[in-house]
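Notes follow once the structure below has been shown.
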Amino acid sequence: MNPLFRHIRKTVFALAAALAVGVLLSVLARIPDDSLRLIRLGQWYALCATAFLYIALLISPLYVAFSSLPGRAYAIRARRAIGVSAYFFTLLHSSIEFFGLLGGLGGLRFLPNKYLIAISLSFTALVILSLMAATSFDRMVILLGRRWKQLHRFVYLAGLLIIIHALLLGTHYANLSRTIPRVSIAALIFLLLLESIRIYKFLRARRADIH
């Protein structure tokens, strides 16, 4: 087995850890105010979490739509590690926002309903990603059998909840004409297009099997 292929998941984890440290050091170096540091860290870790989750969701439909793309085996093998890395950054973002900025459970009573709804959605997404991260190991795949794939399909629900959370609270999404919202919308449209191609091919294959 190719050494890179065998260690691709460890490589993804190492890159995610290096990115987390790099973001932290960059924020510490550029921003002197502690409160603003927490805000920026929370924002950057949220963007990292979204990027990793997007890549994890993109891999399967991308290779279904473009079957001749190189690196399929590497991407499929790395996908679980990419998903766990998304959870890692989500956990960092949630911890900073909830404990560092909100002050824990006590701060919830001061929040308006909009914020409470957004936090409830993000907490639900965090629970889903936690379950997926806990069952991302090969032993759990064998143990759960068909239920493993059924469980991990909840990632789409988590993604939807994260999108709503970002639209409700994300400062980058207050003005949808800015660069980050535009890139996000384009990326989402691209993903939905690929998913529609994958569903179409799946249904066509099912009809061919029936006939």
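The values are calculated or read from the model by the stated rules, or taken from the named source; none is laboratory data. These numbers were taken from a predicted model, which means no experiment stands behind them. Backbone-built Cβ (ideal geometry, glycine too); neighbour counts: all protein chains shown.
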State the number of residues belonging to segment 153-187 that are among the aliphatic types (A, V, I, L, M) and loosely packed, with under 14 Cβ neighbours inside 10 Å.
7
Going through (1) without any contact (Cβ under 8 Å) to a residue 12 or more places away in the chain; (2) within 15 Å of Leu53 (Cα to Cα) one by one, His165 fails only at (1)
Looking at Ala205, is it without any contact (Cβ under 8 Å) to a residue 40 or more places away in the chain, exposed (fewer than 12 other Cβ atoms within 10 Å of the Cβ), within 21 Å of the chain's Cα centre (by Cα) and over 29 Å from Lys10 (Cβ atoms)?
no
Six or more apart or on different chains, Cβ atoms under 8 Å: show the pairs whose first residue is in segment 35-57 and buried (at least 21 other Cβ atoms within 10 Å of the Cβ) and whose second is modelled with pLDDT under 90 and not in a helix (DSSP H, G or I).
Ala46/Gly170
Selection within segment 135-152 - exposed (fewer than 12 other Cβ atoms within 10 Å of the Cβ) and hydrophobic (A, V, I, L, M, F, W, C)
Ile142, Leu143
Under 9 Å between Cβ atoms, which residue pairs at least 6 apart in sequence (or on different chains) link something in segment 109-133 that is surrounded by fewer than 19 Cβ atoms within 10 Å (Cβ to Cβ) with a partner that is aromatic (Phe, Trp, Tyr) and not in a helix (DSSP H, G or I)?
Leu131/Phe154
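Could you please let me know if Tyr54 is of a type in the set (Ser, Thr, Tyr), closer than 30 Å to Ile199 by Cβ, touching a Leu at 6+ places or on another chain (Cβ under 9 Å) and part of a helix (DSSP H, G or I)? Even if it seems obvious, please write down each step before you answer.
On the way: of a type in the set (Ser, Thr, Tyr): yes; closer than 30 Å to Ile199 by Cβ: yes; touching a Leu at 6+ places or on another chain (Cβ under 9 Å): yes; part of a helix (DSSP H, G or I): yes.
Answer is yes for this residue.
One line per residue, one yes/no per condition, for (1) under 25 Å from Leu36 (Cβ atoms); (2) in contact with an Asp or Glu (Cβ under 6 Å, 6 or more places away or on another chain); (3) at pLDDT 90 or above:
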| residue | (1), (2), (3) |
| --- | --- |
| Lys114 | yes, no, no |
| Leu121 | no, no, yes |
| Ile128 | no, no, yes |
| Asp138 | no, no, no |
| Ile180 | yes, no, no |
Checking the conditions here, which among Gly83, Gly22, Gly42, Gly100 is under 17 Å from Ala158 (Cα atoms) and either modelled with pLDDT of 90 or more or assigned to a helix (DSSP H, G or I) (or both)?
Gly83
Does any residue of segment 62-75 turn out to be in contact with a helix residue (DSSP H, G or I) (Cβ under 7 Å, 6 or more places away or on another chain) and under 16 Å from Ser122 (Cβ atoms)?
no
